[in-house]
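**Student:** Here it is, the structure in full.
The values are calculated or read from the model by the stated rules, or taken from the named source; none is laboratory data. The model shown is predicted, which means the values in this text are computed figures rather than measured ones. Don't worry about glycine lacking a Cβ; one is built from the backbone with ideal geometry, like all the others, and counts go over all protein chains shown.
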Amino acid sequence: MTLFDVVFIAAHGRGYKIAGLELHREWDGTRALLGFGGSDSARDWARNLDTTLAPWPGTGPGRVHLGWYQAALLVYRQCRRLIKGATEIEIGGHSFGGAFGILLGLALLEDGFPVTRVETFGSPRVGDLEFSRSYPIPVTRYICGRDPVPNLPWWGYSDMGPPVRLPTQLGWLRKNLPWWRWYDHRLFSYRDALKEVNYGTLSPTNQEDEQERRGYP
């Protein structure tokens, strides 16, 4: 199972719900995969809009998004029991879940947990240049086509290293209409784009997923 699969399951509410956040864990006794879905509640959007930069309280330098840092602290205190005994921890997330995963990963690493990798899919920026440059965990940032979210927030924020660009899922007409860029931010757009680049063996889409997919434009 890939990290994207774990994120996909979390985004569809098939895992844990901690502090209002959707979380799914895959566990084989030693290796733990944690996946987080994107914003799906008023509380999540309130956190997104709080773009105040606050100092990271751990050992690293730089400042981070205050709303997401506060969310990471809430989940951090509760999810440690889900990964107790793991010798390898990987974290993935879509949209807000990706930004959140970056901060949670650092909090866990500083507390002695063996976080080895973070993958984000359409994640917004998390912190300033100093924080991004000093982040100690390998991060793979996937950006689908013209997804606008990875360019947010603007003022004072910096990208977390170079991205991995995925093919757009926009048709020739939608490419010329700015508001359709949000179509590339959909979780299903990332799934289709990852299949095109042979990201990994993604779990088959079941009937329930297909019904939800057809509900999108």
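**Student:** So which residues in region 30-43 are at pLDDT below 85 and either under 16 Å from Ser132 (Cβ atoms) or out of contact with any helix residue (DSSP H, G or I) (no Cβ under 6 Å at 6 or more places or on another chain) (or both)?
**Tutor:** Keep residues of region 30-43 that are at pLDDT below 85, which gives 38-43.
Those that are at pLDDT below 85 and either under 16 Å from Ser132 (Cβ atoms) or out of contact with any helix residue (DSSP H, G or I) (no Cβ under 6 Å at 6 or more places or on another chain) (or both): Asp40, Ser41, Ala42, Arg43.
**Student:** If you don't mind, there's one more thing I want to ask. Is it fair to say Ser95 is polar (S, T, N, Q), in contact with a helix residue (DSSP H, G or I) (Cβ under 9 Å, 6 or more places away or on another chain) and within 29 Å of Gln169 (Cα to Cα)? Give the derivation first.
**Tutor:** Values: polar (S, T, N, Q): yes; in contact with a helix residue (DSSP H, G or I) (Cβ under 9 Å, 6 or more places away or on another chain): yes; within 29 Å of Gln169 (Cα to Cα): yes.
Yes, satisfied.
**Student:** Looking at region 113-123, can you tell me whether even one residue there is among the small types (Gly, Ala, Ser), buried (at least 24 other Cβ atoms within 10 Å of the Cβ) and either more than 17 Å from the chain's Cα centre (by Cα) or assigned to a strand (DSSP E or B) (or both)? Don't jump to the end; show me each part of the working.
**Tutor:** Going through region 113-123, the residues among the small types (Gly, Ala, Ser) turn out to be 122-123.
Right, trim to buried (at least 24 other Cβ atoms within 10 Å of the Cβ) and you get 122-123.
Now narrow it down to the ones that are either more than 17 Å from the chain's Cα centre (by Cα) or assigned to a strand (DSSP E or B) (or both): none.
Within region 113-123, not a single residue is among the small types (Gly, Ala, Ser), buried (at least 24 other Cβ atoms within 10 Å of the Cβ) and either more than 17 Å from the chain's Cα centre (by Cα) or assigned to a strand (DSSP E or B) (or both).
**Student:** Could you tell me whether region 87-97 includes any residue that is surrounded by fewer than 22 Cβ atoms within 10 Å (Cβ to Cβ), acidic (Asp, Glu) and either at pLDDT below 85 or closer than 22 Å to Asp147 by Cβ (or both)?
**Tutor:** No, there is no match, as no residue in region 87-97 is surrounded by fewer than 22 Cβ atoms within 10 Å (Cβ to Cβ), acidic (Asp, Glu) and either at pLDDT below 85 or closer than 22 Å to Asp147 by Cβ (or both).
**Student:** Would you confirm whether any residue within region 102-110 is small (Gly, Ala, Ser), part of a helix (DSSP H, G or I), without any contact (Cβ under 8 Å) to a residue 40 or more places away in the chain and in contact with a helix residue (DSSP H, G or I) (Cβ under 8 Å, 6 or more places away or on another chain)?
**Tutor:** For region 102-110, residues small (Gly, Ala, Ser), part of a helix (DSSP H, G or I), without any contact (Cβ under 8 Å) to a residue 40 or more places away in the chain and in contact with a helix residue (DSSP H, G or I) (Cβ under 8 Å, 6 or more places away or on another chain): absent.
**Student:** Here is a further query. I'd like the residue in region 72-86 that is basic (Lys, Arg) and part of a helix (DSSP H, G or I) and, out of all such residues, is surrounded by the fewest Cβ atoms within 10 Å (Cβ to Cβ). If you could, list the steps in order and put the result at the bottom.
**Tutor:** As a first pass, look at region 72-86 and keep what is basic (Lys, Arg): 77, 80-81, 84.
Adding the requirement that they be part of a helix (DSSP H, G or I) leaves 77, 80-81.
On the way: Arg77: 12, Arg80: 13, Arg81: 7.
Within region 72-86, the match that is surrounded by the fewest Cβ atoms within 10 Å (Cβ to Cβ) is Arg81.
**Student:** Of the conditions (1) touching a residue at least 24 places away in the same chain (Cβ under 8 Å); (2) assigned to a strand (DSSP E or B); (3) of a type outside the set (Asp, Glu), Ile143 fails just one. Which one is it?
**Tutor:** The number of the failed condition is (1).
**Student:** Examine region 8-29 for a residue that is β-branched (Val, Ile, Thr) and either surrounded by 22 or more Cβ atoms within 10 Å (Cβ to Cβ) or at pLDDT 90 or above (or both), and state whether such a residue exists. Reasoning before the result, please.
**Tutor:** Residues of region 8-29 β-branched (Val, Ile, Thr): 9, 18.
From what is left, the residues that are either surrounded by 22 or more Cβ atoms within 10 Å (Cβ to Cβ) or at pLDDT 90 or above (or both) are 9.
Looking for residues that are β-branched (Val, Ile, Thr) and either surrounded by 22 or more Cβ atoms within 10 Å (Cβ to Cβ) or at pLDDT 90 or above (or both), one finds at least one in region 8-29, hence yes.
**Student:** Residue by residue through region 47-68, note down the ones that are part of a loop (DSSP other than H, G, I, E, B) and surrounded by fewer than 21 Cβ atoms within 10 Å (Cβ to Cβ).
**Tutor:** First pass over region 47-68, keeping only residues part of a loop (DSSP other than H, G, I, E, B): 50-52, 56-62.
Result: Asp50, Thr51, Thr52, Pro57, Gly58, Thr59, Gly60, Pro61, Gly62.
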